[in-house]
Amino acid sequence: MTQATLVEAPVPSSNGPSPHPLSTVLRGGRPLVCGILNVTPDSFSDGGLFDSPDRAVEHGCRLAAEGADLIDIGGESTRPGSRPPTSEEELARVVPVVAALVREVGVPLSVDTSRPEVMRAAVAAGASMINDVRALQVPGAVEEAARLDVPVCLMHMQRSPETMQADPRYDDVVLEVRAFLADRLAACRRAGVRREHLLVDPGFGFGKTLPHNVELLSSLDALGVLGVPVMVGLSRKSVLGQLTGRTVGERLPGSLAAALVAVQRGVSVLRVHDVAATRDVLAVLDAVGPV
Ligand code: 7PJ
């Protein structure tokens with residue numbers, strides 16, 4: 001499936017006057033680059049690097065200068081086996097960074113959270129998108145997302161970060177991930193989330209073995225029937241380490257190859273650590289014309 005068939009023309013809103021500005025960008029047809037800003041002490045690739053607000057804001061400015069279309073700010077490490085922070089810890093990590101960064105950069109900010117209270121506080125501080133690795137399944141999250149009326153990315157995960165890598169199993173990973181995302185899209189629509197605000201993500205590395213991740217990557221175009229833009233996060237992930245034998249710090253070439261494959265399979269948003277390098281991949285691809 002091509003980018004053009006996956007990304008729809010703007011749809012008139014059924015329950016509001018005009019779509020959020022970001023949803024117009026998301027449907028612009030050009031793949032977007034979302035820079036990752038982890039404000040956690042323990043993320044797998046950059047944990048602890050940006051855990052003071054000043055350093056986080058500085059890194060956010062760098063992501064924007066490198067050409068990020070979006071910046072995704074997360075205060076919960078979801079590395080396998082990790083325990084979630086308390087709500088107070090997560091709020092204290094995320095909200096000051098959103099509030100400071102929104103004054104420094106013109107790029108829309110997304111908040112990577114599953115908690116309704118963090119969604120609410122981050123949007124009040126200036127975030128304009130929600131990215132939820134639990135696909136709004138926490139009680140109250142789907143209602144909060146509908147009320148906030150911002151774009152939301154629904155990600156697939158099997159079980160929880162504490163247990164997800166303990167022998168994940170599927171009969172057919174592509175069909176099961178797609179069915180889960182279709183269910184969550186329907187739940188969001190029932191709660192009143194606008195269709196043009198929805199994105200989905202198959203959740204690479206979240207309750208998936210190497211063969212599961214590879215099958216999903218090669219079949220990303222199968223998510224096109226969901227009718228909403230697809231976002232993926234493959235940047236520096238262990239699937240790339242397994243394929244190349246490289247450590248986290250050595251996974252840029254693998255990450256760029258994965259980004260290229262994803263865009264060629266119709267993906268609309270690439271969630272990455274290395275924004276400038278990913279932009280170069282898209283520049284080369286763009287020169288060749290529609291994928
Ligand atoms: C993902 C995410 C992903 C979406 C993380 C990391 C691990 N959100 N949050 N998709 N991964 N939507 O930063 O690589 O793959 S946390």
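With both labels modelled 7 Å from their Cα along Cα-to-Cβ, the Glu143 to Glu250 distance reads 5.1 nm. Summed over the residues of the chain and divided among them, the accessible surface reaches 41 Å² per residue at a probe radius of 1.4 Å. Over the range 126-181, Cα pairs under 8 Å with separation of 6+ residues give a relative contact order of 35 percent. With K and R counted +1 and D and E -1, the other residues having a Cβ less than 13 Å from that of Ser128 yield a net charge of -3.
Projected label points at Asp167 and Cys61, each 7 Å from Cα along the beta carbon direction, are separated by 5.1 nanometres. Based on C-alpha pairs under 8 angstrom that are at least 6 apart in sequence, the range 147-291 has a relative contact order of 23 percent.
Shown for the chain are the DSSP H helices of 24 Å or more along their axis, judged by Cα atoms, with a mean Kyte-Doolittle hydropathy of at least 0.0: 87-104, 173-191. Projecting label points 7 angstrom from Cα along Cα→Cβ for Asp221 and Glu88 puts them 5.2 nm apart.
Positive-end ranking of Ala65, Met157, Val39 along the dipole of the chain, with charges on Cβ about the Cα centre, is headed by Met157.
Summing Lys and Arg as +1 and Asp and Glu as -1 over all other residues whose Cβ lies under 12 Å from the Cβ of Ala141 gives a net charge of +1. Per residue of the chain, the DSSP helices (runs of n ≥ 4 H) give a summed -39500 (n - 2.57) that works out to -12500 deg cm²/dmol at 222 nm. Summing Lys and Arg as +1 and Asp and Glu as -1 over all other residues whose Cβ lies under 14 Å from the Cβ of Thr86 gives a net charge of -2.
Surface composition of the range 90-161: carbon plus sulfur atoms contribute 53% of the solvent-accessible area (1.4 Å probe, protein chains only, all chains present).
The values are calculated or read from the model by the stated rules, or taken from the named source; none is laboratory data. None of the values given here were measured: they were computed from a predicted structure. Virtual Cβ from ideal backbone geometry, glycine too; neighbours counted across all protein chains shown. The area values use the complete protein model at the heavy-atom level, side chains included, leaving out ligands, DNA and RNA. Shrake-Rupley method; radii C 1.70, N 1.55, O 1.52, S 1.80 Å.
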